[in-house]
1. Restricting the search to region 22-40, which residues are more than 15 Å from Ala102 (Cα to Cα), hydrophobic (A, V, I, L, M, F, W, C) and surrounded by 12 or more Cβ atoms within 10 Å (Cβ to Cβ)?
2. In this structure, does Arg71 turn out to be at pLDDT 95 or above and within 17 Å of Ile95 (Cα to Cα)?
3. Between a residue in region 88-105 that is farther than 18 Å from Ala133 by Cβ and any residue that is assigned to a loop (DSSP other than H, G, I, E, B), which pairs come within a Cβ distance under 7 Å, given they are 6 or more apart or on different chains?
4. How many of the residues in region 1-55 are assigned to a strand (DSSP E or B) and among the hydroxyl-bearing types (Ser, Thr, Tyr)?
5. Quick check: anything in region 37-46 at pLDDT below 95, basic (Lys, Arg) and under 15 Å from the mean Cα position of the chain (by Cα)?
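The values are calculated or read from the model by the stated rules, or taken from the named source; none is laboratory data. None of the values given here were measured: they were computed from a predicted structure. Neighbour counts run over all protein chains shown; Cβ positions are idealised from the backbone, glycine included.
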Amino acid sequence: MPLPSGYIEMPLKESDWRTRYELEKRIVPADLQEFEPVVPGRFRTPWPIRVLAPLFRFADTTRDRDVVVRRTRDQVVVARCGWSVSKKPRGTNQIRVRLDPAHAELAPYLVHRALAEVLAKSPSLRVETFLPAWMPAVSHEVEALGFIRRTSNKTMGMKL
């Protein structure tokens, strides 16, 4: 499936926490951010972990990759998708999509892109995804592809 015109896809380095942070800060609804603030600490990896990262990657049983989609006219990141593929013939594969709701037309591309990567590398394992309720375009697309809603979660809070 081609990327819609007006957008460009670029790889996202594992160390590029700022791009992930800035996208989440902009797209997560304000009422959610009251209870789960989008703060740099959730995205920035502490230096001891960064030093040990090559060892962790060697021992890890999955291969991860992420890409971002930028609007070409101003280079603003409007979406991110990624996938985790099992290195072994068991387990599950994962796809991840974070999409600015103002760019819902990207949902089919992002879901197909991530799923194609997973299926090309590991076609026999189950594929899972977790989607927040505020991304209905992505939910609609994964369900249209045959994903089955296994659970529906509610996280509740109260301000005192």
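1. Of everything in region 22-40, those that are more than 15 Å from Ala102 (Cα to Cα), hydrophobic (A, V, I, L, M, F, W, C) and surrounded by 12 or more Cβ atoms within 10 Å (Cβ to Cβ) turn out to be Leu32, Val38, Val39.
2. On the way: at pLDDT 95 or above: yes; within 17 Å of Ile95 (Cα to Cα): no.
It is false that Arg71 is at pLDDT 95 or above and within 17 Å of Ile95 (Cα to Cα).
3. Every condition considered, the pairs that remain are Lys88/Thr61; Gly91/Thr61; Gly91/Leu125; Thr92/Leu125; Asn93/Ser122; Asn93/Leu125; Gln94/Thr129; Glu105/Pro4.
4. 1
5. Yes, some residue in region 37-46 is at pLDDT below 95, basic (Lys, Arg) and under 15 Å from the mean Cα position of the chain (by Cα).
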